[in-house]
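Each reported figure results from applying straightforward, stated rules to the coordinates on display, with no laboratory input. What you see is a predicted model, and the numbers here were worked out from it, not measured in a lab. Positions of Cβ are generated from backbone atoms using ideal geometry, with glycine treated the same way; all protein chains shown enter the neighbour counts.
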């Protein structure tokens, strides 16, 4: 199977960014972006007000059921703002990676080296987007079935919403309910578009940089002529520069992911443990999505660290002992530079890696035990 074209990786987020009013590859921002951002922000404020009005150990389960949706709303707002402010740097990084990708397309040996990673990336993009679309559809449209079930059981109409928000007016008629319901499901879809567009872009850019580190390592490993070292060094420095640009773009979104991720997992685990049976499917799907998001963020961060250090490892295993003295010194410099891996951080507070993922899970468990204690005592 041949590797995808460079543009195929961006086909999904091209559509998402255009719908959101941030045309991918361009510097301008459309008015609809600010409109959509305001709509989601108002929804988040309504959810925050609902939580503030019901803060009590008696309502702990209800609040934890709302917490993941509120977290996603706030997280999507913060992440899309970060990406919108960095759009020029993103466009420059994409152009640089496209030029490098053209060299892969024209070389069968290079294509064989990175084919598996590129096919995995393409499958991940599709799976991640479909999973989140299924999740938001379940949350948005399950309300109608719950209302119907409640009516069959009690013969009374209950005006339910997908997300609990505090409204400045009473919702006693179908007309009012339809308006608020349409606004709620629109906000839900916008949230999903916001954070999936950011996450998928992170996966694509990080994966491509990792693949070029892999190709550089392969070229160094099979290096037999010291005259080619100048080109090797230039490529290495170029990839290090691209890695720094990647860190600058995603350090804030990664920070918000780490900050909110533990709370999301804790709240979802608590709801799954103590919530009703009708919520199990939606909560399980939500928890799967959050865990996948956290894990893939840390996986690509870990991969970047390993691929950047592998350059020095492959330099050690090349035929440096048959080269001249100047070439040997150059090889030593490459090894020394590669000992300090390139990594992505959450605003320098935490390195995005497998250790970060285990820390998120550990923190979530700590929060869960505290919530369980409070809920048990209130009962």
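Note on the stretch 163-218 and the stretch 317-365: Cα centroid distance 33 Å, given to the nearest whole angstrom. Given their separation in residues at 0.36 nm each and the Cα-Cα distance between them, residue 146 and residue 91 gain 15.3 nm when the chain is fully extended. Descending by average beta-carbon neighbour count within 10 Å, the peptides 137-145, 191-199 line up as 191-199, 137-145, the highest first. Helical content alone sets the calculated 222 nm signal of the chain at -28000 deg cm²/dmol, taking -39,500 (n - 2.57) per DSSP H segment of four or more residues and averaging over every residue.
Using the Kirkwood radius built from alpha carbon pairs, what does the Stokes-Einstein equation give as D for the stretch 196-270 at 25 °C and 0.890 mPa s, in µm² per second?
Once the numbers are plugged in, D ends up at 165 µm²/s.
Counting beta carbons within 10 Å around each of 318, 356 and listing the fewest first gives the order 318, 356. Per-peptide packing, taken as the mean over residues of other Cβ atoms within 10 Å, places 252-262, 150-160 in the sequence 252-262, 150-160 from highest down. Axis angle, to the nearest 10 degrees, between helix 229-274 and the longest C-alpha principal axis of the chain: 20 degrees. Once you sort the root eigenvalues of the Cα gyration tensor of the stretch 121-172 as a ≥ b ≥ c, which label holds: rounded (a/c under 1.5), prolate (a/b larger than b/c) or oblate (the other case)? Because a/c hits 1.5 or more and a/b fails to exceed b/c, the stretch 121-172 counts as oblate.
Which order do 343, 321, 222, 212 fall in if you start with the one that has the fewest other Cβ atoms within 10 Å?
Going from sparsest to densest Cβ surroundings: 321, 222, 343, 212.
Among 11, 327, 170, 308, a tally of other beta-carbon atoms within 10 Å of each Cβ gives an order, fewest to most, of 170, 11, 327, 308. Which angle from 0 to 90°, rounded to the nearest 10, does the C-alpha axis of helix 280-316 make with the longest principal axis of the chain? It works out to around 10 degrees.
Which of the three applies to the stretch 1-139, rounded, prolate or oblate, going by the alpha-carbon gyration tensor with a ≥ b ≥ c and a/c under 1.5 meaning rounded? Note, shape of the stretch 1-139 comes out prolate. Entry note: the stretch 228-374 has Rg to Rh equal to 1.19, where both radii use alpha-carbon atoms and Rh is the Kirkwood radius. Dimensions of the chain from C-alpha coordinates, computed as largest minus smallest value along each principal axis and given longest first, are 88, 46, 35 Å.
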